[in-house]
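The values are calculated or read from the model by the stated rules, or taken from the named source; none is laboratory data. Please read these numbers as outputs of a predicted model, since none were measured by experiment. Here the Cβ positions follow ideal geometry from the backbone for every residue, glycine too, while neighbour counts run over all protein chains shown.
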Amino acid sequence: MDAEHNKEVTKVLKQIIVKLSKTNIMWLLSGSTNLFIQGIKITASDIDIISTKEDLFRIEEIFKDYIVKKIEYNESEKYRSWFGRLNINSIQIDLMADLEYKPPNSDWIKSDSLNNKMKILFDNYALYVNSLESELTFYSNMKRKKDDIKKELIMRLKNSTTKTVDD
């Protein structure tokens, strides 16, 4: 785990939280940064934000000075979604909406992250995140070798004491 990098990612995440908390934009944190702030000892490689298509464009407007890739619909062999990218202080932020993924030898699966979000406390900020169960389901479905350690770490932490906040 790269503690210094995680510290930088955390600083950028706080900037995002502060700016977006002044809006009514629905968004949640997913991916490695989500795992890290929920207590999994992992290097947060980037910040993954999932939102609705409409709100994704609002996020892009708020952070227009940091756009690396404007939001557009993308489709690859494994993923399809509305996707854009920001870069703040050398930290990559991926913006996604209407995310679908295709596990090996399977049909497309629509991400249910926005329906299974949970609210946690992160340095006194209330933050919506993708549940560890949803992350585990995604990593298990995709069957990517690089996700094996994430699956193992989530399984170890399943009975964690993550603080949740009522809506």
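Does N124 fit the bill of being within 22 Å of D2 (Cα to Cα) and either free of Cβ contacts under 8 Å to residues at least 40 places away in the same chain or touching a Cys at 6+ places or on another chain (Cβ under 7 Å) (or both)? In short, no. Exactly one residue out of I25, I40 is under 14 Å from N130 (Cβ atoms), part of a loop (DSSP other than H, G, I, E, B) and among the aliphatic types (A, V, I, L, M): that is I40. Exactly one residue out of S90, S51, S76, S106 is free of Cβ contacts under 8 Å to residues at least 40 places away in the same chain and more than 17 Å from T137 (Cα to Cα): that is S76. With the structure loaded, tell me whether E72 is part of a strand (DSSP E or B), exposed (fewer than 15 other Cβ atoms within 10 Å of the Cβ) and at pLDDT 95 or above or whether it fails that test. Against the criterion (part of a strand (DSSP E or B), exposed (fewer than 15 other Cβ atoms within 10 Å of the Cβ) and at pLDDT 95 or above), E72 qualifies. Of the residues making up the range 75-93, those that are closer than 19 Å to K110 by Cβ, not in a strand (DSSP E or B) and not acidic (D, E) are S76, K78. Only one entry of T23, T33 meets the criterion of being loosely packed, with under 14 Cβ neighbours inside 10 Å and either β-branched (V, I, T) or within 26 Å of T137 (Cβ to Cβ) (or both), and that entry is T23. Applying the selection to the range 82-99, what residues are over 19 Å from T10 (Cβ atoms) and surrounded by fewer than 22 Cβ atoms within 10 Å (Cβ to Cβ)? Answer for the range 82-99, where residues must be over 19 Å from T10 (Cβ atoms) and surrounded by fewer than 22 Cβ atoms within 10 Å (Cβ to Cβ): W82, F83, R85, D98, L99.
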